[in-house]
Each structure stands twice: as C-alpha cells, then as structure tokens.
1. Which condition does B:M90 not pass, out of (1) out of contact with any Asp or Glu (no Cβ under 9 Å at 6 or more places or on another chain); (2) surrounded by fewer than 19 Cβ atoms within 10 Å (Cβ to Cβ), if it passes all the others?
2. Whether any residue in the stretch B:251-265 is assigned by TED's automatic domain parsing to the domain that holds B:R162, assigned to a helix (DSSP H, G or I) and not hydroxyl-bearing (S, T, Y) is what I want to check.
3. Give the residue that is surrounded by the most Cβ atoms within 10 Å (Cβ to Cβ), with candidates limited to residues of the stretch A:14-26 that are within 10 Å of DNA strand D (Cβ to nearest atom) and hydroxyl-bearing (S, T, Y).
4. For residues that are more than 7 Å from chain A (Cβ to nearest Cβ) and in a helix (DSSP H, G or I), tally how many sit in the stretch B:43-56.
5. Looking only at the stretch B:67-80, which residues are surrounded by fewer than 24 Cβ atoms within 10 Å (Cβ to Cβ), among the aliphatic types (A, V, I, L, M) and at the interface with chain A (Cβ under 7 Å from one of its Cβ atoms)?
6. So B:T239 passes all but one of these: (1) over 29 Å from the mean Cα position of the chain (by Cα); (2) closer than 26 Å to A:V243 by Cα; (3) of a type in the set (S, T, Y). Which condition number does it fail?
7. So B:Y87 passes all but one of these: (1) facing chain A (nearest Cβ under 9 Å); (2) under 14 Å from A:M90 (Cβ atoms). Which condition number does it fail?
8. Which one is farthest from A:P113 (Cα to Cα) among residues in the stretch A:57-66 that are assigned to a loop (DSSP other than H, G, I, E, B) and facing chain B (nearest Cβ under 9 Å)?
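The values are calculated or read from the model by the stated rules, or taken from the named source; none is laboratory data. Everything quoted here is computed from the prediction, not taken from an experiment. Cβ placement follows ideal geometry from the backbone for every residue including glycine, while neighbour counts extend to all protein chains displayed.
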There are 2 protein chains.
Amino acid sequence: MDVANAAGVSKITASRAISNPSVVTEATRRKVHEAAARIGYVQNFVAGSLKSKRSRLIACVVPTIASASVFLPAVRAMTQAFERLGYHVMLSQRGYGLEQESEQIETVLARRPDGIVLTGTFASAAARRRLKASGLPVMEMWDMARSPIDMLVGFSHEAAGREAAAYLHGKGRRRIAMVSATEPRSAAREAGFVAELQRLGLSAPLIHSVAPPTRLGHGRQGLAALLQSDPRIDAVFCTTDMVALGVILEAQSRGLQVPGQLAVMGFGDMDFAADANPPLTTIHVDNEQLGERAAVLMVEALDGRRSKRVLDMGFQIVERASA
Amino acid sequence: MDVANAAGVSKITASRAISNPSVVTEATRRKVHEAAARIGYVQNFVAGSLKSKRSRLIACVVPTIASASVFLPAVRAMTQAFERLGYHVMLSQRGYGLEQESEQIETVLARRPDGIVLTGTFASAAARRRLKASGLPVMEMWDMARSPIDMLVGFSHEAAGREAAAYLHGKGRRRIAMVSATEPRSAAREAGFVAELQRLGLSAPLIHSVAPPTRLGHGRQGLAALLQSDPRIDAVFCTTDMVALGVILEAQSRGLQVPGQLAVMGFGDMDFAADANPPLTTIHVDNEQLGERAAVLMVEALDGRRSKRVLDMGFQIVERASA
DNA sequence: TTGTAGGCGTTATCAT
DNA sequence: ATGATAACGCCTACAA
C-alpha cells in the first residue's frame, strides 16, 4: 500500500483505518483518509477477500430479468437491502431451461460468493446437491413448497391457488377455468386451484397452459381457447396479472362483460392492476418485505447468528372489481 | 493447489491445464481434470484475478430492475452475451436519484471489474470524471445524445421524438399532445417531439409529465389531465407503451374511439404492444442486438482490439392500429 | 493502538 | 511442454 507511505504509517494501520476504522485513533483515521484521497487510492476487495475469505458478494440466480416478471420487485428490494448492508449482488440468468446448469454453478462458485440466492428456481437435483455440498448459505426466494436446501423466504403458491378457487367459488362462480403457465410455481398454484375446486365438489376445471414468460397475448389466446372448449365458463384465474389483463381485453372485444359474465382474477398485484378497467382482483405478495427479509436473513447467517431458516411471508387476495 | 499433487504435476501445470488448456498436452489436461473432479476442486477466480489483474467481471449500473423498464431486455441480452463470452455481470441499481453516486462508484471500482456498463444513466459530472479517470473501459447503453465517456451503443431519443411527431402529423393529426416522464431519456424524446412539431408549424404541444417508473395509471391520469386542458386533442405520444396502454384504457372508458378520435402512440414495443386493443403503434428498438453489440464491443476493447467506439442502433416506428 | 511476519491461491516471468 | 520462483494487495495472527 502506498497509502501507508503517503500517510506515514504501516501497511496494516492504513488497512485498518480504511476497513475497520473503529480500532484506530481518529487522528490516524483522518491522516490515512487524507493520504488516500490525495493519491487517489482505490480499495481492492479482491486482494482482501483472498486472505479473509469473505468476498461480500452474493450470487443471485434468477430465471430472467426481461419482461415484467412477477418476482422482480422482490429481487430489487433484496439487492437494495444487500447493498445497504455492504454486499454486492452478482446476477445470473438461468433461463427457463436447465442446460449447463452445473457449469453455471461452478463458475459462480469460483467467484467465491459469500452466499447464494435462488429466485423462482427449481434447481436440478444435481445442482441442489452441489450447492449443499458447497457449504455456502443458500437462500431460496419466492417459494414455499419443498424441503429447502438451506434457508427460504417465500409463500405457498399452492395455497394461493387454493384460495383463488375458494374466492371465485364464494362469489358464486361454478364454471371456473384457469390460464396457467408451464413453470413450477405456476404449476403449484394450478395444483392448489384444482384440488380446492375438487374439494368444493366441482368437476375438473378447464386449463389452458402457456410457456413463460407470460404476456398479454397469452391471456387473449387463452380465453379464446377456453371459450372454444366451453362457452359457458364464468370465471378465469390467471397465472399473472398480465395474462389477466389479456383475458379482460379479449372478453371485452367479444362483448363479454367483466365481471358480469366473466370474473377475472390475476396474480402478482403488479403496478397496473389497480388501474386496469375494471380494476383487477388479484393476489398480492409483499415483495418489498420479502426481498428485505431474504437479505437480512442471509446476512445474519453470514454473521453467524442464524435466526429463522424458513419464513412464510404469506399473500393476500386483493378484491377489486374484476372478480 | 492440491490438484497438482493429486495429478502428479506442478502447480503451474495444473493451473494451465485448467485455465489455458491449449498449452498443455491432451494427456496432461485429462490427468489434471480427472484429479480435479476426484477431489472436488473449485477454481478460485479471486486469487487468479489478484495476480492477473483481470477479474472477468463487468459492473453494470441500471436505474432499477423492478417494473417493466423498457431497457431491461437490452440488459438481459447483454448479460447473456457476457456470460457466453466468459464474463459475469454484477448489477447495481442506482435509483432515479443521484445520492451517494460517488460512494457507489468507489465500491464498484473496489471490486476491480474489467469494465463498466452504464444503462439509461446520466451519471453526474463528478461521477463521469471519476469513471474516466479509472481508465476502465466504460460502455454507455441506450442513449446517443451526449459526448460519451468512452464507448456507447444506443440510439437517439431525440430523433425518436422527432419521428413520432412527424408520423402523427403525417396521419393528419394537428392537436398533438404528449405524456412524458421526468427522466433524461424521456426528456430527450420530448425535446425532439416539441422541436419537430414547431418545425411543422404547430403550436407548442400540451405535455403532461409523470415521475418514473411509468405505470398504466400514469397514462390514465395523463389523458384525463390533457383532456381537461384541451378536450380537442387528437393524438397522444406516450413515453412508454405502458403509459400508452393507460391512455387507450382511459380513452375507451370515456367513449373516445382509438384511433378514430384519438391516435395513441407508444414507445418501446414491449411484449404486450401487438396484443393491445387496438394494437399499439409504437417505436421499436432492437434490444437483443443492442445488448449483444454492447457486450461484444466491450469484450473487444478488453482484448485490446477496439473497433467502433460509438454505435447508433437506430429504431423503427411500428405501425399498428392505434395511430 | 500500532507494528511485524507471513500467507491466501493463483498467474507472470523466466528458465529448462 | 513443463517447472521454479516470486509476486499480486490485502488481512490474520501474534507481538509490542
């Protein structure tokens, strides 16, 4: 360190003045910081982490960041919380496929992150084993269903599906359909939805399934397909709000009244839901809290004081006008 | 390296077999890789970058990842391209404010990224100076307007605004308004829009401005406000497709026909634009290409073979039914 | 509170 | 094609 020379102290004192100022005198701290500013010193976390074995880097794997994915607000909140707590987030996109997953994990581990966050991701069994074996704290976000690898902050998609079914049934709907997506969490909502309808004595619902990421067009095509199978359906539960918006658009363009003739329910309570026409009844998840808690739990684990390992953040049905 | 022992070669040979296999014999390569697999060796990029001064890490600063930001597809494409080329992307959110920008930059630089990508970001003058002084390759994405710090791949928002004005004028519209946003690129589109209308001999347009990130509700409120100022407006150019969708919804709920009585034009050609009702006339940017080129140019610069420093990717007006 | 010694795991450099 | 040596810049451990 030339800062040390510039400030007239030893290397280690300069290091402490910058990384751990509480252990040096205020005068030393000032002297070193002034020297650092003078010579334009830039700290090197790379060198630091080599010896300390702490990179202050969190690897976060998401399916994709493009399009209005319903979990992105949680990732945003989490990233902000991590930055506030002194960590950086390295984002990797996994895609909805599983190819090269192991290879991807190896290169991520080679960066020596302090922890790993998996979002909306069902890692393959091999990948899960690999992550467990790494010994790193692993946080899974946005799901509740299975036995977690390590820590988990999420909610039950299956319960969300069940409550949606119960809600629509409670509104007097009896020919209830769903537009689902070929993606694990959507499948979990679908499973809960189907189970609850069965419990309520209804016959198996019509389901139209689309490939993620979900789009407005999926809702339009989905309703068209459902109506073709059964013109008398009176409610549709949608895998995302964007799909629900598409269902509403399609219904309106066919002269079907929402919610009069067709109740439409979304999922995600995205920022357009309340402003849709009619305002969208949907399922709300507190993504701010969810992301924040995920980050805080991870940092607690890194600091050696693990509190809860699994946190169910729940969800709420937001009743608006569409269902 | 214990891999070296396990394989019965020297440390440096093991290192080469893994990081630079072309310089060792195939037999050595195999021997080392087998040993690595056997003992569960995980490469350590941290140690490698300390000596080699190459981290294979790209820092990317974006305003925010939440909500369907119109530049996210470009970031996605860029991230994928970087990963394909052997780099990881560290994402930092800047927020739309400017607080702590310098501090943020320092911690990013402390990670020793090989390059920095700024997306949709007008860094402050101090930050721009700091980045320039760092000597790192800097890529600015999604804009064309000013003198770049270093490299740039984008398009002219000002030109987009001008062409939107010309397009609506060409469709016979004469009372043309805009819903804009208080954000630099939106402001650039607005400036071009206003300038072109003036050039065409129209009076200064009504403009309603909203705070980003833009939402559907902004479009609804925006049209309401515009109509209150002037009930006779016959066209609205919107700063994003989501806002345009809101304007359409609001128009329809007021019994205004789109495009008959009101032409609505968006920006971004997001994945719902073609499926809107009516399908949205908008401005398309080739985000896939844009992100890909940004990554490729950056990697070329890192490899010491800089080709172009500035690339104008242009845009196209996509004529659909709404305007 | 400050300092000394040494090493983290890899790669650059120079030799063989 | 492979090896020996040293160094990257910081932090841990221990000492003063």
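1. (2)
2. Looking for residues that are assigned by TED's automatic domain parsing to the domain that holds B:R162, assigned to a helix (DSSP H, G or I) and not hydroxyl-bearing (S, T, Y), one finds at least one in the stretch B:251-265, hence yes.
3. Per the criteria, the residue is A:S15.
4. Within the stretch B:43-56, residues that are more than 7 Å from chain A (Cβ to nearest Cβ) and in a helix (DSSP H, G or I) number 3.
5. Listed by number, the list is empty, since nothing qualifies.
6. (1)
7. Result: B:Y87 passes all but (1).
8. A:A66
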